[in-house]
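Remarks on the structure that follows.
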Amino acid sequence: MKGMDERSGEIFRRIVESYLGSGEPLGSRSLSRLLPMSLSPASVRNVMSDLEELGLIYSPHTSAGRLPTQLGLRFFVDAFMQVGHLSDEERLQIDRQIRPPNRDFPVESALNEASQILSSVSRGAGLVITAKSDTLVKHVEFIRLSPEKALAVLVGDQDEIENRIISLPAGTTSSQLTAAANFLNAHLSGLTLAEARVRIDKLKETIRAELDQLSSDLVERGLAVWSGGANDGRSAQLIVRGRANLLEGVEGAEDIDRLRLLFDDLEKKESLSDILNLAEGGQGVRIFIGSENTLFSMSGSSLIVAPYKNSEDRIIGAVGVIGPTRLNYSRVVPMVDYTAQLISRLAGKTP
């Protein structure tokens, strides 16, 4: 960032680290005693003023110390933070808590333990989102019910059956119903509904070449009626541990209102899908600070989240920590990362 020299960087880093540790503003006099270089409190104040102009810190009260802004926290995480590494002992502790020496220990119990341990190592709440994987397409069929209606039948890989009634374009023949079903079976078998949508988009030219207009329309109608649910065919569940951690240090009506907003957000069904989408949006651990995450922006919370996968390398859930913006990011990130990897290994095991 322009205007950030070594001296400014050191002062900025100290302000942020003090905030992450205590939540309190750091003043120029205290800062001058902490710095490795010799600087008077007046010189420190001048640097603070420059950092304020950059939007990285602010003064919560007149003549008080400084705190990092949301922009400052993001800059610190991206440019200054050194992500810690888990020791062998810490990994072993997580392994024992999430996966005790019991072959019959179910994945559901491991997920509960995962949310608990993530809560215990942070100032926030540990959360785990479980989602039933998208159905794998095994067979598709269209059965005419009337001249204007048909039953779209989807058979999944576990022989589960889903039926949907769809409207037929005027003039649709039985042979066109069969042609549309044959096309879907030939191109989508073994795919999830989400993958099927992507495949159909890529096959638009092939669809037009192999099928007539009415059959092409049936292909898209049939796929849309199965995959148009709010959660893309996944039923999600949220496990939260450590909500009491979020109450620590809460003072005043404004803080209580922000916490209430956060708890309300965590109860919303659509929030589960949104968190999953955030986790799916990148590789590994993702950090969202304050309003960077519109889901929890009103409560001013930070979210550290990582996806976990099944044996087919498909994302089936997420683990993470949600809490105040002064989370110990360098400590929590490797914990979330390792926990997600461990849950992926457990979820990927064949019964």
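The values are calculated or read from the model by the stated rules, or taken from the named source; none is laboratory data. Nothing here was measured: the structure is a model prediction, and the numbers come from that model. Reconstructed Cβ throughout: ideal geometry from the backbone, glycine too, with neighbour counts over all protein chains shown. Each accessible area value is taken on the protein alone, full model and side chains, heavy atoms only, with ligands, DNA and RNA left out. Shrake-Rupley method; radii C 1.70, N 1.55, O 1.52, S 1.80 Å.
Scan the stretch 42-96 for residues that are farther than 14 Å from Gly27 by Cβ and of a type in the set (Lys, Arg) and jot them down.
Listed by number, the residues that qualify are Arg74, Arg91, Arg96.
Results for (1) in contact with a Ser or Thr (Cβ under 8 Å, 6 or more places away or on another chain); (2) closer than 19 Å to Arg345 by Cβ; (3) at pLDDT below 80, shown as yes or no for each residue.
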{"position": "Val107", "(1), (2), (3)": "no, yes, yes"}
{"position": "Ala110", "(1), (2), (3)": "no, yes, no"}
{"position": "Ser115", "(1), (2), (3)": "no, yes, no"}
{"position": "Ala125", "(1), (2), (3)": "yes, no, no"}
{"position": "Ile129", "(1), (2), (3)": "no, yes, no"}
{"position": "Val137", "(1), (2), (3)": "yes, no, no"}
{"position": "Val140", "(1), (2), (3)": "no, no, no"}
{"position": "Arg144", "(1), (2), (3)": "yes, no, no"}
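Hey, among the residues in the stretch 232-268 that are more than 19 Å from the chain's Cα centre (by Cα) and not in a helix (DSSP H, G or I), which one's modelled with the highest pLDDT?
Out of the qualifying residues, it is Glu248.
Please find, among Ser49, Ser30, Ser38, Ser8, the residue that is free of Cβ contacts under 8 Å to residues at least 12 places away in the same chain, over 25 Å from Ile304 (Cβ atoms) and either in a helix (DSSP H, G or I) or open to solvent by less than 20 Å² (accessible area, probe 1.4 Å) (or both).
Of Ser49, Ser30, Ser38, Ser8, the one residue that is free of Cβ contacts under 8 Å to residues at least 12 places away in the same chain, over 25 Å from Ile304 (Cβ atoms) and either in a helix (DSSP H, G or I) or open to solvent by less than 20 Å² (accessible area, probe 1.4 Å) (or both) is Ser49.
How many residues does the stretch 199-218 hold that are open to solvent by less than 50 Å² (accessible area, probe 1.4 Å) and under 27 Å from the mean Cα position of the chain (by Cα)?
1
Matching residues to (1) part of a helix (DSSP H, G or I); (2) exposed (fewer than 14 other Cβ atoms within 10 Å of the Cβ); (3) touching a Lys or Arg at 6+ places or on another chain (Cβ under 6 Å):
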{"site": "Ser122", "(1), (2), (3)": "no, no, no"}
{"site": "Asp159", "(1), (2), (3)": "no, yes, no"}
{"site": "Gln176", "(1), (2), (3)": "yes, no, no"}
{"site": "Arg197", "(1), (2), (3)": "yes, no, no"}
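Only one of (1) open to solvent by 60 Å² or more (accessible area, probe 1.4 Å); (2) under 19 Å from Gly290 (Cβ atoms) fails for Pro25. Which number is that?
Failed condition: (1).
Report the residue count in the stretch 311-343 for those that are in a helix (DSSP H, G or I) and not hydroxyl-bearing (Ser, Thr, Tyr).
Number of matching residues: 11.
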